[in-house]
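Below: the structure, in structure tokens.
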Amino acid sequence: MRSASGGPRVLLRRLREVMAEQVSAQERLDKIVVLIAANMVAEVCSVYVLRVDNTLELYATEGLNRDAVHRTVLNTHEGLVGLVASEATPLNISDAQSHPAFAFRPETGEEIYNSFLGVPILRAGNTLGVLVVQNRARRTYVEEEVEALQTTAMVLAEMIASGELTALAPPGAEPAVRHSLRKVGAILSEGIALGHVVLHEPRVVITNYIAEDLPKEIKRLDAALTKLRADLDRMLERGDVADGGEHRDVLEAYRMFANDHGWSHKLHEAVATGLTAEAAVERVQSDTRARMLRSTDPYLRDRLHDLEDLGYRLMRQLVGQDHAPSREQLPDNAILIARAMGPAALLDYDRKRLRGLILEEGTANSHVAIVARALGIAALGEVPNAPGIADPGDPIIIDGTSGSIYVRPSTEIESAYAERVRFRARRRAQYSALRDLPTVTRDGQPVELLLNAGLTIDLPHIEDTGCAGIGLFRTELQFMVGQSLPRGSEQLALYRTVLDAADGKPVTFRTLDIGGDKALPYMETVVEENPALGWRAIRLGLDRPGLLRGQVRALLRAGGGRALRIMFPMISEVAEFDEAKLIVERELTYLRQHGHALPERIDVGTMVEVPALLYQLDELLKRVDFVSVGSNDLFQFLYAVDRGNAKVSERFDTLSAPILRALRDIIRKANAARRSASLCGEMASTPIGALALIALGYRSLSLSATGHGPVKAMILDLDARKAEAMLLPLLDAPAGSVSIRDALKDFAASEGLSL
């Protein structure tokens with residue numbers, strides 16, 4: 001590598017000295033570009049910083065016209081510098097002016113320079129600016145020079161991220177890194193949350209970037225790589241992994257990357273430029289993350305995610321941070337940010353302090369979104385590079401009504417949202433005033449509003465909402481939050497607590513619905529290509545009858561002396577219900593023989609969520625005491641759409657004719673058979689969904705606590721017969737000929753209903 005002063009290691013040492021000097025930010029930056037130019041034998045070295053208005057401003061230069069500093073501003077797609085910023089990859093060319101992206105800026109005087117090397121200044125995958133060197137002679141910079149410039153850019157990234165340069169800019173043109181920014185995501189759970197950032201997988205904090213002893217850093221890196229590979233080997237030899245499956249495939253991919261000579265070579269090259277071992281991993285990680293953000297190939301993105309996860313493991317080893325901080329130690333008003341998360345992981349957190357959730361992946365119908373709604377926290381998904389948009393502790397606002405995220409919001413925005421929170425609180429107070437009013441439509445139709453619940457923290461909502469009871473108690477949540485299988489005594493205690501809290505109001509307990517994305521951490525994971533269609537819910541319970549029997553016994557004992565309702569999920573044929581009900585009868589016999597108090601009344605029913613059951617309703621309704629429509633799964637199965645897949649989950653409308661026709665058939669057959677029927681899916685939790693259901697004939701809805709106020713307010717103003725007269729003819733029209741959603745909105749507007 002060409003160098004006038006000892007190569008990159010000497011440069012890094014001198015940069016560290018400059019960073020420690022008590023000088024102004026501009027003086028420090030001016031000294032840095034002089035050092036880089038001298039070290040790389042470059043006639044020009046320039047630093048461009050990304051501003052909040054998404055432009056690139058020349059902040060310092062050695063070799064170009066100094067008067068152009070803070071005057072030259074480029075769009076992020078303008079010129080060679082803009083190309084480096086937008087692509088987040090180095091650009092190395094010998095004839096800059098012949099490149100189609102070259103933009104002539106006469107104030108800089110750069111037209112006499114031919115060779116151009118530009119590298120993005122990256123942090124957490126985000127571009128903060130561009131570092132450039134240029135020469136008159138036409139030459140292509142060698143790989144070692146590119147590596148050296150990328151390494152130097154890391155130091156500049158930390159300087160920019162520190163906020164040191166903010167004082168150099170007028171309002172509206174500050175560096176983008178620490179300024180307010182707005183992002184947009186898909187709404188998973190409505191609500192507004194003001195709080196501070198907590199990363200689900202905390203970013204590794206590197207305090208020392210520049211190596212003091214290079215051989216020592218090489219040894220540290222090699223030792224960490226050896227330990228990482230050994231850990232993966234041990235994980236692959238574990239009994240629950242050795243038999244194969246997708247989880248083994250993931251670990252095999254990790255092991256392949258961990259042993260990849262190319263990855264190891266890049267890490268060693270980064271150390272050789274003068275970085276500490278952990279800083280070298282971060283350098284390679286930042287490049288990986290930038291590539292991942294710009295990749296449209298799903299397979300490549302998955303592999304880059306694997307490589308990123310592996311890099312985090314390696315960095316945690318190097319800094320001695322093998323484990324994330326305790327999830328119980330949250331700050332007040334925590335806003336959790338993660339790339340992806342399952343419902344069990346979310347339930348690990350202290351729910352009293354958790355206010356919001358932001359995910360890079362995740363859809364409105366995924367189970368983690370359902371749990372977020374049950375917890376009453378605002379949540380957004382499909383936020384690109386979510387873990388990289390903010391640092392831990394940053395103030396942040398989630399608007400779960402518009403899908404907006406405000407990172408480090410201005411005082412004006414924070415004040416505006418604080419007022420919105422106060423307004424929503426006043427609105428909730430207005431809904432609370434309706435709590436004790438009978439839920440009856442304007443034309444005298446009573447509607448039963450029940451509560452969806454699953455945790456003891458949900459139980460105060462029985463009183464808060466004035467609901468008629470619990471229409472769906474998700475028993476699997478107790479299994480998901482624990483570190484081991486709940487004992488029978490623990491299940492019994494929970495079910496008694498729930499029935500006590502209901503104080504005579506009906507409670508419908510749904511038996512375990514585990515499997516799919518609701519895996520239990522202490523049970524062997526069965527990996528399937530289509531888990532939503534696989535071994536889950538009642539299928540797992542009937543194949544593992546000991547698990548189901550234990551739960552049914554606990555439910556029956558908890559219901560001793562009072563009414564009890566048990567509901568089975570994922571029933572796909574009548575024979576499955578018969579087999580499950582037989583378990584209830586056997587457990588009743590057992591308890592009777594052992595002198596236990598029995599429930600005064602037992603109603604046994606089933607979820608209607610598998611389309612095959614639609615064609616067995618006549619037979620089923622002769623056997624069950626009640627049915628409850630699980631609209632979330634029924635809709636995804638009817639449309640063959642994975643509700644957890646963002647690419648397809650929004651391709652169908654839950655208020656379309658095919659879905660509403662199926663719901664109409666269910667309620668008509670249930671009424672004809674004199675069996676009670678309710679709907680406990682997310683559809684019932686929105687006023688427009690409840691409007692459609694009441695128009696179809698449903699008079700029992702089970703919904704989230706947050707949905708009770710808005711839905712009840714709508715019902716009290718609704719003329720159910722007029723809604724029925726409006727909706728039913730639309731279902732007989734050719735599918736797709738009219739938007740039923742728009743028709744419902746128009747009807748609501750004409751009737752003065754708030755949706």
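The values are calculated or read from the model by the stated rules, or taken from the named source; none is laboratory data. Small disclaimer: the values here were computed from a predicted structure and weren't measured. Methodologically, a virtual Cβ is constructed for each residue, glycine included, from the backbone with ideal geometry; neighbour enumeration extends over all protein chains shown.
Miscellaneous remarks
- In region 366-390, the residues that are closer than 14 Å to residue 681 by Cα form Cβ pairs under 7 Å with partners that are β-branched (Val, Ile, Thr) and part of a loop (DSSP other than H, G, I, E, B), at six or more places apart or across chains, as follows: 369/363.
- In region 560-585, the residues that are at negative phi form Cβ pairs under 6 Å with partners that are aromatic (Phe, Trp, Tyr), at six or more places apart or across chains, as follows: 566/509; 571/577; 580/568.
- In region 692-708, the count of residues that are assigned by TED's automatic domain parsing to the domain that holds residue 626, closer than 23 Å to residue 616 by Cα and among the β-branched types (Val, Ile, Thr) is zero.
- All of 443, 513, 458 fail the test of being under 30 Å from residue 610 (Cβ atoms), of a type outside the set (Ser, Thr, Tyr) and touching an Asp or Glu at 6+ places or on another chain (Cβ under 8 Å), apart from 513.
- Residue count for region 538-572, restricted to those that are under 19 Å from residue 625 (Cβ atoms), of a type in the set (D, E, K, R) and either at pLDDT below 95 or part of a strand (DSSP E or B) (or both): 1
Conditions (1) over 19 Å from residue 495 (Cα atoms); (2) of a type outside the set (Phe, Trp, Tyr); (3) at pLDDT below 95, marked per residue:
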| site | (1), (2), (3) |
| --- | --- |
| 584 | no, yes, no |
| 608 | yes, yes, no |
| 623 | yes, yes, no |
| 626 | yes, no, no |
| 634 | yes, yes, yes |
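- Subset of region 109-125 that is modelled with pLDDT under 90 and under 21 Å from residue 290 (Cβ atoms) - its residue that is surrounded by the most Cβ atoms within 10 Å (Cβ to Cβ): 122
- Selection status of residue 441, surrounded by 19 or more Cβ atoms within 10 Å (Cβ to Cβ), polar (S, T, N, Q) and over 28 Å from the mean Cα position of the chain (by Cα): yes
- Whichever residue in region 19-54 is assigned to a loop (DSSP other than H, G, I, E, B) and of a type in the set (A, V, I, L, M) and, among such residues, is nearest to residue 76 (Cα to Cα): 52
- Taking every residue in region 67-91 that is over 20 Å from residue 126 (Cβ atoms) and pairing it with any residue that is basic (Lys, Arg) and modelled with pLDDT under 95, at least 6 positions away or on another chain, the pairs with Cβ-Cβ distances below 6 Å are 72/105.
- Residue 508 falls short of the stated requirement of being under 22 Å from residue 557 (Cα atoms) and out of contact with any strand residue (DSSP E or B) (no Cβ under 9 Å at 6 or more places or on another chain).
- Residue match in region 419-435 (condition: in contact with a Lys or Arg (Cβ under 6 Å, 6 or more places away or on another chain) and either on the phi > 0 side of the Ramachandran plot or touching a residue at least 40 places away in the same chain (Cβ under 8 Å) (or both)): yes
Rundown of residues vs (1) assigned to a loop (DSSP other than H, G, I, E, B); (2) more than 39 Å from the chain's Cα centre (by Cα); (3) crowded, with 19+ Cβ neighbours inside 10 Å, yes/no style:
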| position | (1), (2), (3) |
| --- | --- |
| 82 | no, no, yes |
| 89 | yes, no, no |
| 127 | no, no, yes |
| 139 | yes, yes, no |
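Per-residue answers, yes or no, for (1) at pLDDT below 85; (2) of a type in the set (Val, Ile, Thr); (3) surrounded by fewer than 23 Cβ atoms within 10 Å (Cβ to Cβ):
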position: 319; (1), (2), (3): yes, yes, yes
position: 326; (1), (2), (3): yes, no, yes
position: 335; (1), (2), (3): no, yes, no
position: 348; (1), (2), (3): yes, no, yes
position: 356; (1), (2), (3): no, no, no
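- Residue 71 meets the conditions (1) over 21 Å from residue 114 (Cα atoms); (2) assigned to a helix (DSSP H, G or I) in every case but one. The failed one is (2).
- Looking across region 146-173, just one residue is buried (at least 21 other Cβ atoms within 10 Å of the Cβ) and either under 19 Å from residue 410 (Cα atoms) or in the same structural domain as residue 683 (by TED's automatic domain parsing) (or both), and that is 165.
- Single condition residue 112 does not satisfy, out of (1) β-branched (Val, Ile, Thr); (2) in contact with a helix residue (DSSP H, G or I) (Cβ under 9 Å, 6 or more places away or on another chain); (3) free of Cβ contacts under 8 Å to residues at least 40 places away in the same chain: (2)
- Matching entry among 68, 37, 85, 101 (being more than 14 Å from residue 153 (Cα to Cα), assigned by TED's automatic domain parsing to the domain that holds residue 163 and touching a strand residue (DSSP E or B) at 6+ places or on another chain (Cβ under 7 Å)): 68
- Against the test of being modelled with pLDDT under 90, among the β-branched types (Val, Ile, Thr) and not assigned by TED's automatic domain parsing to the domain that holds residue 371, the options 447, 481 yield a single qualifying residue, 481.
- Sole exception among (1) of a type outside the set (A, V, I, L, M); (2) over 30 Å from residue 660 (Cβ atoms); (3) assigned to a helix (DSSP H, G or I) for residue 596, by number: (3)
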